[in-house]
Amino acid sequence: MNPTGWDLFLSSLWPIIGGAIAGTIPLAVVSFVIGLAIAVVIALMRLSKVRAVSAVAGVYISIVRGTPLLVQLFVIFYGLPSIGVVIPPWPSAVVAFSINVGGYAAEVIRAAILSVPKGQWEAAYMIGMSHGRALTRIILPQAARVSVPPLSNTFISLVKDTSLASLILVTDLFRQAQKVAAFSQEFMLLYLEAALVYWVICLVLSSGQGLLEKRLDRYVAH
């Protein structure tokens, strides 16, 4: 790399990292938390004995998993204004990503709940717990341990997917790289730099995931 390229790399590094800190990471965290709340509700609906409730949740999951995230994002940001609903870029991204996470994470949570032995339910009922109390105190905590690895992978994927938000003018890591690239005309360098920053973030998250799994594994009987 020539000095000019190296100087550009260094000078653009902080704006790109700043975009990650101020845009990408908050967007991913907020969307994941809201999406996780949606996922729990949808998972419980899927497990409902009321067919209509289970069917509604099934349709939601099918639509989310059967349509591209980019299309979902565009429907919310560009499509809704045509019916009078205008949502600013950042909230639009949060809504789209949260809905998407909710659809994918719901099946993870549902499978985790089903993996808890039925004896746990029976034991909870024997000591006088209601269905709701047994679910929140006994079942969901055990399901949480099982769901950590796939949910962690979902979050890591979400961090990368937030780059799509740049298409609706959300200022994030990739949007900052686009701005510098457009000014300097060094597209290859800047896009590779953005890829490097995404990679480092995902490496850190993967390491954190591994530590969390080891910590939780201490509480699981073998």
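Coordinate-derived values only; no laboratory data. Note that the structure is a prediction, hence the values are computed from the model and not measured. Because the Cβ atoms are built from the backbone with ideal geometry, glycine has one as well, and the counts that use them run over all protein chains shown.
Candidates GLY128, GLY18, ILE76 compared by Cα position along the dipole of the chain: farthest toward the positive end lies GLY128, with charges placed on Cβ. Restricting segment 20-114 to trypsin sites (Lys or Arg not before Pro) that sit in a DSSP loop and have at most 12 other Cβ atoms within 10 Å of their own Cβ leaves LYS49. Computed 3J(HN,Hα) for segment 155-169, one whole-Hz value per residue from the Karplus formula 6.51 cos²θ - 1.76 cosθ + 1.60 where θ = phi - 60°, is 5, 4, 5, 5, 4, 6, 5, 4, 4, 5, 5, 5, 6, 10, 6, glycine and proline marked x. Phi angles of segment 66-79 translate, via the Karplus equation with coefficients 6.51, -1.76, 1.60 and θ = phi - 60°, into HN-Hα couplings of x, 10, x, 4, 4, 5, 4, 5, 5, 4, 6, 7, 9, x Hz per residue; Gly and Pro are given as x. Sorted from longest to shortest, the spans of the Cα atoms of segment 1-86 along the three principal axes equal 66, 31, 21 Å. Highest-first packing order for the peptide set 97-107, 121-131 is 97-107, 121-131, based on the mean count of other beta carbon atoms within 10 Å. Counting every pair of alpha carbons in segment 73-145, the share spaced more than 20 Å apart comes to 52 percent.
Put a plus charge on the Cβ of each Lys and Arg, a minus charge on the Cβ of each Asp and Glu, and nothing anywhere else: the dipole of the chain about its Cα centre is then about 1000 debye.
Charged side chains reduced to their Cβ positions (Lys and Arg at +1, Asp and Glu at -1) give segment 128-222 a dipole of some 540 debye around its Cα centre. Under the classification rounded if a/c is under 1.5, otherwise prolate if a/b is larger than b/c and oblate if not, where does segment 104-222 fall, given a ≥ b ≥ c as square roots of the Cα gyration tensor eigenvalues? Here segment 104-222 falls in the prolate category.
How high is the relative contact order of segment 3-217, in percent, counting Cα pairs under 8 Å that sit 6 or more residues apart?
Averaging sequence separation for qualifying contacts and normalising by length gives 30 percent for segment 3-217.
Over the Cα atoms of segment 3-217, compute the convex hull volume and normalise it per residue, giving Å³.
Values: hull volume 29.1 nm³, N = 215.
Once divided by residue count, the hull of segment 3-217 is 135 Å³.
Centre-to-centre separation between the Cα atoms of segment 98-132 and those of segment 13-58: 18 Å.
Computed from phi, the 3J(HN,Hα) profile of segment 17-31 under the Karplus parametrisation 6.51, -1.76, 1.60 (θ = phi - 60°) reads 5, x, x, 5, 5, 8, x, 4, 5, x, 4, 5, 5, 4, 5 Hz, with x in place of Gly and Pro.
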